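Since every read-out is calculated from the coordinates, none of them should be taken as a lab result. Keep in mind that what you see is a predicted model, and the values were worked out from it rather than measured. Cβ sites come from the backbone with ideal geometry, for glycine too, and all protein chains shown count toward neighbours.
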Amino acid sequence: MVTRLATHEYKVAVMGTTGVGKSSLCLQFTRNSFPDYYEPTIEDYYRKQVMLENQEVMFDITDVAGEEGETISHNAVISQCEGFLLVYDITSKPSFQAVKAFYDKIIHVKGGETAIVLVGNKSDLGGKRQVSSEEGFSTAKQWGTYFFEISAKNKVNIEQVFSECAKQIKHIKAKSKDRMGGQRCACSLL
């Protein structure tokens with residue numbers, strides 16, 4: 001099998017509180033595996049190359065620590081990434097409320113138009129649901145972004161959240177390039 005070089009490389013951060021399934025989402029997307037036990041993540045990195053809209057795309061994924069107070073490290077990750085998956089657990093109302101703080105932090109650091117996908121994980125546990133699908137859709141609509149409910153465990157909508165994030169990044173980059181007339185700008189400090 002011949003591996004082609006990616007024509008696009010997208011840096012994506014997966015953010016949310018501890019225990020919402022960020023690492024499980026990343027592992028399912030990059031390795032087609034689901035962990036047997038929960039192990040808190042400080043910060044982890046994943047890469048995966050996929051074919052998207054007839055182009056090879058490389059995802060550089062940062063699985064961010066779940067602590068909301070990690071302002072300095074979160075700001076560094078936010079400034080380096082182009083897209084964000086904001087993940088909450090549909091069986092945990094506090095995780096849904098906390099994801100709004102991550103959104104505010106991203107907008108504060110990145111400003112303007114940013115590629116964000118709101119992700120409600122653990123759809124396989126619908127009987128324990130504390131956050132309705134309507135709440136997820138309403139929040140995504142308010143933010144002007146997309147919303148998916150997924151099951152990292154059952155591999156439901158995993159590819160779709162990353163694909164949608166990549167499409168948003170590509171769209172934002174194209175708009176930015178059009179505004180600049182297709183030119184790259186350079187800055188020199190003297």
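Taking the Cβ-Cβ separation of Gln97 and Leu5 as r and a Förster radius of 45 Å, what is the calculated FRET efficiency to the nearest 0.05? In this case the efficiency is close to 0.60.
Summing Lys and Arg as +1 and Asp and Glu as -1 over all other residues whose Cβ lies under 11 Å from the Cβ of Asn157 gives a net charge of -2. The distance between label points at Arg31 and Lys141 comes to 3.9 nm (points 7 Å beyond Cα on the Cα→Cβ vector). Here the Gaussian network model covers the chain, with springs between Cα atoms less than 10 Å apart; of Gly21, Gly144, Gly120, Gly144 fluctuates the most.
GNM on the chain, alpha-carbon springs under 10 angstrom: the most fluctuating residue among Leu118, Leu86, Leu52 is Leu52.
Could you please report the charge total around Gly120, scoring K, R as +1 and D, E as -1 over all other residues with beta-carbon less than 15 angstrom from its beta-carbon? Walk me through the intermediate numbers first.
Values: positive: Lys22, Lys93, Lys100, Lys122, Lys128, Arg129, Lys141, Lys153; negative: Asp89, Asp124, Glu134, Glu135, Glu149, Glu164.
Taking every Cβ under 15 Å from that of Gly120, the sum is +2.
The modelled label-to-label distance for the pair Asp178/Gln130, using points 7 Å beyond Cα in the direction of Cβ, is 4.3 nm.
Within a straight-line Cα-Cα reach of under 18 Å, Lys100 can be paired with the following lysines, leaving aside sequence neighbours fewer than 8 residues apart in one chain: Lys22, Lys110, Lys141. Seen against the Cα atoms of the chain and their longest principal axis, helix 71-80 is set at about 50 degrees.
Note on Glu159 and Gln80: with the Förster distance fixed at 30 Å, the Cβ-Cβ geometry gives a FRET efficiency of about 0.80.
Applying the criteria of a DSSP loop state and at most 15 other Cβ atoms within 10 Å to the GluC sites (Glu not before Pro) of region 78-177 yields Glu113. Between Gln55 and Val109, the distance separating the two model label sites (each 7 Å from Cα on the Cα→Cβ line) works out to 2.5 nm. Express as a percent, rounded to the nearest 5, the fraction of DSSP beta bridges in the chain (both residues included) that run antiparallel. Bridges in the chain are about 35 percent antiparallel. Its relative contact order, with pairs defined as Cα atoms under 8 Å and 6+ residues apart, puts region 8-179 at 25 percent.
Separation of region 74-135 from region 2-57 is 16 Å, based on Cα centroids.
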